[in-house]
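Written below as structure tokens is the structure these notes are about.
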Number of protein chains: 2
Amino acid sequence: MEIFFSSDVDGGLVRLNQEESAHCVRVLRHRAGDEVCIIDGCGTMMRCTLLEASPYEAVARIEEKIPGWGSHPYHLTMAVCPTKNADRFEWFAEKATEIGVDVIAPVIGDRSERKVYKTDRIRRLLLSAAKQSLKGAVPEVAEPQSVREFIASAPADSLKLIAYCFEGEKLSIREALEAWNGGRVCVLIGPEGDFSPAEVADALKAGFKPVHLGASRLRTETAALTSVAAVYMKYM
Amino acid sequence: MEIFFSSDVDGGLVRLNQEESAHCVRVLRHRAGDEVCIIDGCGTMMRCTLLEASPYEAVARIEEKIPGWGSHPYHLTMAVCPTKNADRFEWFAEKATEIGVDVIAPVIGDRSERKVYKTDRIRRLLLSAAKQSLKGAVPEVAEPQSVREFIASAPADSLKLIAYCFEGEKLSIREALEAWNGGRVCVLIGPEGDFSPAEVADALKAGFKPVHLGASRLRTETAALTSVAAVYMKYM
């Protein structure tokens, strides 16, 4: 099933932008009268009939709206330090979308080798991953911020977890999630060189719970994806 | 910490092959007297002193052997249909090594688009993933076989799980693992077009338990990695 995206919904009509129109009409050769499925990126899938099969601006009529299409029963924010090699971070973000994530927040730590992160490429990737995995919502990508800014602004009504490698008493992420009643959760994952002790101290002061991710030494992107899987599995 | 690999262990001495010797001596400039860490690929890490810093055949003396280095408390066989795009299967195998897997068995299903799979590239990748994630054991890569051959030869003393998308009563993989006492487990993951009904019937007859992987529509490689994470998390 091919899914299209549009945020241009007006009453009972949906307009596709030029890229989506070209894909729909030129590549997939859809014609007026065809049924097409369009997501709005915010959670709703619209079953539509194509009215104008223009390769520049296709227009479709909404027949049915399915809210919460492919949704998951939690709200997960993953705040992750982008890896030196951008591919690895993109891979994480794509796979996290497939499994189920709501916000991806690239954060820059004291020890991050990568101090700058551009979000345009990843936004495109996540749109395509959401379509591919039949989800009406495309995860939000936050603007890059420092770990400290993220800690200071993390919502009070979330379960807040920070995974790091220093010694210290910690629950496993599975145990921390077992004790949780569900709802909103955010997980903070550090850079290749881990968080600085000052960042960890800040996080704990702000109510983050320290967790570990088991005995294996996981790379940043694998630690992040394992965290997404842990949240997903709580509801499995 | 840089880890080397050698299966050439003789009494108290370890010889590195040409590739590892060149990396150790030419690239990392190790000299006689340096401490080097060498895994045997079967689970043991040897802390050694370099005796002959030859870039063709370096020789080291074993000072200490650490068996079960970076090991995990289960034995997991992942039988997975290689994806059309080989990168995706390699990605899975690499990440599974990082998290913890023992055998990767590429299997070809009735509906596999990829009917042939060459294992040489993946063996090299897994050696490098094991070193990187500080594990003494490199996962075994089985020779490709059909799904039916794998089903027929799956060990009787394993928990055997098959994940597929057809309707039918199934536990989630988490629930199936909760009811399990630990030890050996194997998980069978189908190709992009799923297993054929005949393959599923064969598997159930052979004692495989059907499981689902939650509500998200996961690609083959993501389904496989989520399964590895589920087993890993049982022991977390």
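The values are calculated or read from the model by the stated rules, or taken from the named source; none is laboratory data. What you see is a predicted model, and the numbers here were worked out from it, not measured in a lab. Virtual Cβ from ideal backbone geometry, glycine too; neighbours counted across all protein chains shown.
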Hits in segment A:142-186 - residues which are among the charged types (D, E, K, R) and within 14 Å of chain B (Cβ to nearest Cβ): A:K170, A:R174, A:E175, A:E178
Please state which of the following conditions A:V147 fails to meet, knowing it meets all the rest: (1) free of Cβ contacts under 8 Å to residues at least 60 places away in the same chain; (2) crowded, with 17+ Cβ neighbours inside 10 Å; (3) of a type in the set (V, I, T). (1)
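For segment B:55-66, state whether one or more residues are in contact with a strand residue (DSSP E or B) (Cβ under 8 Å, 6 or more places away or on another chain) and under 30 Å from A:T220 (Cβ atoms).
Of all residues in segment B:55-66, those in contact with a strand residue (DSSP E or B) (Cβ under 8 Å, 6 or more places away or on another chain) come to B:57-66.
Keeping just the survivors that are under 30 Å from A:T220 (Cβ atoms) gives B:66.
Scanning segment B:55-66, I find at least one residue that is in contact with a strand residue (DSSP E or B) (Cβ under 8 Å, 6 or more places away or on another chain) and under 30 Å from A:T220 (Cβ atoms), so the answer is yes.
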Take segment B:200-236 and flag every residue that is part of a helix (DSSP H, G or I), in contact (Cβ under 8 Å) with a residue 24 or more places away in the chain and more than 8 Å from chain A (Cβ to nearest Cβ). B:V200, B:D202, B:A203, B:L204, B:T220, B:E221, B:A223, B:A224, B:S227, B:V228, B:V231, B:K234
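Tell me the residue from B:G168, B:G190, B:G182 that is in the same structural domain as B:S112 (by TED's automatic domain parsing), buried (at least 16 other Cβ atoms within 10 Å of the Cβ) and touching a helix residue (DSSP H, G or I) at 6+ places or on another chain (Cβ under 9 Å), please.
Working: B:G168 fails: buried (at least 16 other Cβ atoms within 10 Å of the Cβ); B:G182 fails: buried (at least 16 other Cβ atoms within 10 Å of the Cβ).
Checking each option against the conditions leaves just B:G190.
Please go through segment B:1-18 and give me each residue that is part of a loop (DSSP other than H, G, I, E, B), closer than 12 Å to B:I39 by Cα and out of contact with any Ser or Thr (no Cβ under 6 Å at 6 or more places or on another chain), ordered by number. Write out each step before concluding.
Of all residues in segment B:1-18, those part of a loop (DSSP other than H, G, I, E, B) come to B:1-2, B:6-7, B:11-12, B:16-17.
Now narrow it down to the ones that are closer than 12 Å to B:I39 by Cα: B:2, B:6-7, B:16.
Once the filter is applied, which keeps residues that are part of a loop (DSSP other than H, G, I, E, B), closer than 12 Å to B:I39 by Cα and out of contact with any Ser or Thr (no Cβ under 6 Å at 6 or more places or on another chain), segment B:1-18 yields B:E2, B:S6, B:S7.
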Among the candidates A:V59, A:V80, single out the residue that is surrounded by 15 or more Cβ atoms within 10 Å (Cβ to Cβ) and not assigned by TED's automatic domain parsing to the domain that holds A:Y164. A:V59
Determine if segment A:94-112 includes at least one residue that is among the β-branched types (V, I, T), farther than 30 Å from A:A179 by Cα and in contact with a Phe, Trp or Tyr (Cβ under 7 Å, 6 or more places away or on another chain). no
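Would you mind finding the one in B:D102, B:D120, B:D157 that is out of contact with any Gly (no Cβ under 6 Å at 6 or more places or on another chain) and either at positive phi or buried (at least 16 other Cβ atoms within 10 Å of the Cβ) (or both)?
Values: B:D120 fails: either at positive phi or buried (at least 16 other Cβ atoms within 10 Å of the Cβ) (or both); B:D157 fails: either at positive phi or buried (at least 16 other Cβ atoms within 10 Å of the Cβ) (or both).
Being out of contact with any Gly (no Cβ under 6 Å at 6 or more places or on another chain) and either at positive phi or buried (at least 16 other Cβ atoms within 10 Å of the Cβ) (or both) holds for just one of B:D102, B:D120, B:D157, which is B:D102.
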Exactly one condition in (1) surrounded by 18 or more Cβ atoms within 10 Å (Cβ to Cβ); (2) under 26 Å from B:L213 (Cβ atoms); (3) basic (K, R) is false for A:R217; which is it? (1)
Can you pull out the residues in segment A:19-33 that are crowded, with 19+ Cβ neighbours inside 10 Å and either assigned to a loop (DSSP other than H, G, I, E, B) or of a type in the set (S, T, Y) (or both)? A:S21, A:H30
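Based on this model, can you work out whether A:L127 counts as within 28 Å of A:I3 (Cα to Cα), out of contact with any helix residue (DSSP H, G or I) (no Cβ under 8 Å at 6 or more places or on another chain) and away from every other protein chain (no Cβ under 11 Å)? Talk me through it step by step, then tell me what you get.
Numbers: within 28 Å of A:I3 (Cα to Cα): yes; out of contact with any helix residue (DSSP H, G or I) (no Cβ under 8 Å at 6 or more places or on another chain): yes; away from every other protein chain (no Cβ under 11 Å): yes.
When the stated conditions are applied, A:L127 passes them.
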Within segment A:88-121, residues being among the aliphatic types (A, V, I, L, M) and at pLDDT below 95 number 1
Take the conditions at pLDDT below 95 and in contact with a strand residue (DSSP E or B) (Cβ under 8 Å, 6 or more places away or on another chain) and apply them to A:K209. Does it pass? no
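Looking only at residues that are within 12 Å of chain B (Cβ to nearest Cβ) and under 8 Å from the mean Cα position of the chain (by Cα) in segment A:95-110, which one is farthest from A:S71 (Cα to Cα)?
Restricting to residues being within 12 Å of chain B (Cβ to nearest Cβ) and under 8 Å from the mean Cα position of the chain (by Cα), the top hit is A:A96.
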In the set B:V187, B:V141, B:V231, B:V200, which member is in contact with a Ser or Thr (Cβ under 6 Å, 6 or more places away or on another chain) and closer than 30 Å to A:W69 by Cα? B:V187
Output the residue which, of all residues in segment A:201-212 that are aliphatic (A, V, I, L, M) and surrounded by fewer than 22 Cβ atoms within 10 Å (Cβ to Cβ), is nearest to A:A142 (Cα to Cα). A:A206
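Being within 19 Å of A:D102 (Cβ to Cβ), more than 10 Å from chain B (Cβ to nearest Cβ) and in contact (Cβ under 8 Å) with a residue 24 or more places away in the chain narrows it down to one of A:P139, A:P197, A:P191, so name that one.
Values: A:P197 fails: within 19 Å of A:D102 (Cβ to Cβ); A:P191 fails: within 19 Å of A:D102 (Cβ to Cβ).
Of A:P139, A:P197, A:P191, the one residue that is within 19 Å of A:D102 (Cβ to Cβ), more than 10 Å from chain B (Cβ to nearest Cβ) and in contact (Cβ under 8 Å) with a residue 24 or more places away in the chain is A:P139.
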